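Colleague: For reference, the structure I am asking about is given below.
The values are calculated or read from the model by the stated rules, or taken from the named source; none is laboratory data. The model shown is predicted, which means the values in this text are computed figures rather than measured ones. Cβ placement follows ideal geometry from the backbone for every residue including glycine, while neighbour counts extend to all protein chains displayed. Just so you know, the surface numbers come from the protein's heavy atoms only, side chains and all, with ligands and any DNA or RNA stripped out. Shrake-Rupley method; radii C 1.70, N 1.55, O 1.52, S 1.80 Å.
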Amino acid sequence: MPIAQKIEGFLSASSWIRKMFEEGEKLRKIYGADKVYDFTLGNPNVEPPEAFHRELQKIAANPVPGMHRYMSNAGYDETRQAIADVLAEETGRPVTPGHIVMTCGAGGGLNVVLKTLLNPGEETIVITPYFVEYRFYVDNHGGKVREVSTSAGFQLDPAAIAAAVGPQTRAIIINSPNNPSGAVYPAEALAALGRLLQEKEKELGTAIYVISDEPYAKIVYDGVAVPNIFNHIKNSIIVTSHSKDLALPGERIGYIAINPDIADSEIIFNGLVFCNRTLGFVNAPALIQRLITPLQRETVNIDDYREKRDIIYNHLTGLGFEVTKPMGAFYFFPRCPIEDDVEFIRRAQEYNLLLVPGSGFGLPGYFRLSYCIDMQIIRNSLPAFTELAKEFKL
Ligand code: PLP
């Protein structure tokens, strides 16, 4: 075997999204791209805001000497200052550049945080359903994942979390707005989690860190607000990116923000900067750091996503699918009409509908549908969902 056994195992167990993408390629060749309804990828199809292109032109016209060199492993001071200013304003807390580390996206940031925090064998709690990469990120740094289920509407279940926390618990990853469910956790839920963890920390004599993975924080609908975790949980670290809110996933730009209330935040900052370097990221991409500095209050056009969400929600519920209406992000996570989600996905494929089974997110019996795709494909897909619903007698 040319690759490590563990990676070989991960490859065959983890590749649902890739498998479906490859199926899509095959089907597109046979039927044509407009007749294959590919809901598998979370790759935003909206364009970055106009301001991004303006900044890009500005910098191309007036290059700053040395702008392509290495900088501090934490990132540019002015970029971290701009982020700290927004967070300080949002939370009323003294967030400074000393709490911010620029990263290669949220994925890079999560790896940096886990590398910094985890001792061998320590546990990280993840909330099902969850972004599948968490499992591999935790493994990358010698940790163990412990899955905890949600309550109705994919909300946090404090009793289930309390039962899972033990002496080995080092961190909890939460993700709101959530991929794949679209759930947003309200302030009360975060406050309850904060209280619960403080009690557990006292009882166990440990520190438990909440890693709040928030790349969808600005993609919310119907006036829903995403509460800032710093106001509710002392031992909290935000990891986020501009992959979704500025539609820049290919540019690999994100950041980590440490709650200023954390004890020893400077030690954590130093650990994060060291791991950013030694994981080989070195620093977040220089040019894009400069570009996003003045864009901290910009967001892609959310109306486009809302319209798509509403069309799909109305159609699926009208057909009888059991669907929780997403409050944010751009995914649906409906229940499959049969228990076997993999079989359901296979049957959907016969109508050229490409979906991802819930098993890929730690929750079998559901499927994920990603709606950051062309409106025309969504409209073309509706009769296929109708046929699928008929087949399952919904
Ligand atoms: N976290 C969640 C929940 C995601 O859905 C994604 C990407 O889809 C990421 C993290 C990684 O995003 P990035 O492109 O910022 O690495």
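Colleague: Report the full-extension gain for the segment LYS144 to GLU199: residue separation times 0.36 nm, less the Cα-Cα distance, to one decimal in nm.
Modeller: 17.5 nm
Colleague: If you count only protein heavy atoms with a 1.4 Å probe, what accessible area per residue comes out for the stretch 259-394, rounded to a whole Å²?
Modeller: Values: 5560 Å² over 136 residues.
The answer is 41 Å² per residue.
Colleague: Quick one: what are the phi-derived ³J(HN,Hα) couplings along the stretch 268-281, Karplus 6.51/-1.76/1.60 with θ = phi - 60°, whole Hz, x for glycine and proline?
Modeller: 5, 4, 4, x, 5, 5, 4, 6, 4, 6, 7, 6, x, 6
Colleague: Give me the percent of the accessible area of the stretch 119-278 that comes from carbon and sulfur atoms, probe 1.4 Å, all protein chains in place.
Modeller: Summing carbon and sulfur atoms, their accessible area is 50 percent of the total for the stretch 119-278.
Colleague: Could I ask something else about it? Could you work out Rg/(2.2 N^0.38 Å) for the stretch 1-114, with Rg from alpha carbons only?
Modeller: 1.59
Colleague: So how exposed is HIS315, as accessible area in Å² (1.4 Å probe, rounded to 10)?
Modeller: Per-residue accessible area (HIS315): approximately 40 Å².
Colleague: Next question, about the same structure. Determine, from the Cβ-Cβ distance of GLU350 and ALA191 and an R0 of 41 Å, the FRET efficiency 1/(1 + (r/R0)^6), rounded to the nearest 0.05.
Modeller: The formula returns an efficiency of 0.30 here.
Colleague: For ILE311 and HIS68, what is the calculated FRET efficiency with R₀ set at 56 Å and r taken between the beta-carbons, to the nearest 0.05?
Modeller: Numbers: r = 44 Å, r/R0 = 0.78.
The pair ILE311/HIS68 has a calculated efficiency of 0.80.
Colleague: Something else: Enter the angle in degrees (range 0 to 90, nearest 10) between the Cα long axis of helix 77-91 and the first principal axis of the Cα atoms of the chain, meaning the one along which they spread out most.
Modeller: Approximately 70 degrees, to the nearest ten.
Colleague: Show me, for the stretch 355-362, the HN-Hα J-couplings you get by feeding each phi into the Karplus relation (A = 6.51, B = -1.76, C = 1.60, θ = phi - 60°), rounded to Hz, glycine and proline as x.
Modeller: 10, 10, x, x, 3, x, 10, x
Colleague: How much length, in nm to one decimal, is gained on full extension between LYS6 and ILE30, taken as 0.36 nm per residue of separation minus their Cα-Cα distance?
Modeller: Additional length available on full extension: 5.1 nm.
Colleague: Show the residues, 5+ positions off or on another chain, whose built amide H is closer than 5 Å to the amide H of VAL145.
Modeller: Answer set, sorted by chain and number: THR124.
Colleague: Follow-up question, since we're still on this one. Just by accessible area at a 1.4 angstrom probe, what is the order of LEU204, LEU382, LEU388 from largest to smallest? Mind showing how you got there, number by number?
Modeller: On the way: LEU204 55, LEU382 35, LEU388 0 Å².
Ranking LEU204, LEU382, LEU388 by accessible area, largest first, yields LEU204, LEU382, LEU388.
Colleague: Can I ask one more? Could you pull out the pairs from LYS6/LYS144; LYS19/LYS308; LYS26/LYS393 whose alpha carbons sit more than 18 Å apart here?
Modeller: LYS19/LYS308; LYS26/LYS393
Colleague: Take HIS53, HIS68, HIS242 and sort them by solvent-accessible surface of the protein heavy atoms, 1.4 Å probe, largest at the top.
Modeller: Of HIS53, HIS68, HIS242, the descending order of accessible area is HIS68, HIS53, HIS242.
Colleague: Which percent, to the nearest 5, of DSSP beta bridges fully inside the chain are antiparallel?
Modeller: If we restrict to bridges inside the chain, about 45 percent are antiparallel.
Colleague: Let me ask you something else. If amide hydrogens are placed 1.01 Å from N in the peptide plane, which non-local residues have theirs closer than 5 Å to the one on LEU248?
Modeller: Counting only residues 5 or more places away or on other chains, the set is SER243.
Colleague: Right, another one. Using the beta-carbon distance between ASN380 and ASN270 and R0 = 51 Å, what value does 1/(1 + (r/R0)^6) give for FRET efficiency, to the nearest 0.05? Walk me through the numbers on the way to the answer.
Modeller: On the way: r = 53 Å, r/R0 = 1.03.
FRET efficiency, ASN380 to ASN270: 0.45.
Colleague: Here is a follow-up. Where does each of 28-40, 348-360 land if you order them by average Cβ count within 10 Å, highest first? Walk me through the numbers before you get to the answer.
Modeller: Numbers: 28-40: 16.1, 348-360: 21.2.
Ranked from most to least packed, the peptides come out as 348-360, 28-40.
Colleague: OK, next. Based on Cα coordinates alone, diagonalise the gyration tensor for the stretch 96-156, multiply each eigenvalue by 5, take square roots, and list the semi-axes in whole Å, largest first. If you can, show how the numbers build up before the last one.
Modeller: On the way: eigenvalues 101, 52, 22 Å².
Equivalent ellipsoid semi-axes, largest first: 22, 16, 11 Å.
Colleague: If you don't mind, another one. For a quick check: with amide H placed at 1.01 Å from N, whose amide H comes under 5 Å from MET327's, ignoring anything fewer than 5 positions away on the same chain?
Modeller: Under 5 Å from the amide H of MET327 lie the amide H atoms of ALA183, VAL184, each far enough along the sequence or on another chain.
Colleague: Bin width 10 Å, alpha-carbon pairs only: give the P(r) of the chain as whole percents, running from 0 to the bin holding the largest distance.
Modeller: Percent of Cα pairs in each bin: 5, 22, 31, 26, 13, 2, 0.
Colleague: Accessible area per residue for the stretch 82-196 in Å², computed with a 1.4 Å probe and the full protein assembly in place, what is it?
Modeller: I get 32 Å² per residue for this part.
Colleague: With all distinct Cα pairs included, what does the Kirkwood hydrodynamic radius of the stretch 64-295 come out to in Å, to one decimal, could you say?
Modeller: By the Kirkwood definition, the hydrodynamic radius is 17.7 Å.
Colleague: Just to confirm a number: summing +1 for Lys and Arg and -1 for Asp and Glu over residues other than TYR366 whose beta-carbon lies under 12 angstrom from that of TYR366, what do you get?
Modeller: That works out to -2.
Colleague: When Lys and Arg each count +1 and Asp and Glu each count -1, what net charge do the other residues less than 14 Å away from GLY280, Cβ to Cβ, add up to?
Modeller: Values: positive: LYS115, ARG252, ARG277; negative: none.
Its environment carries a net charge of +3.
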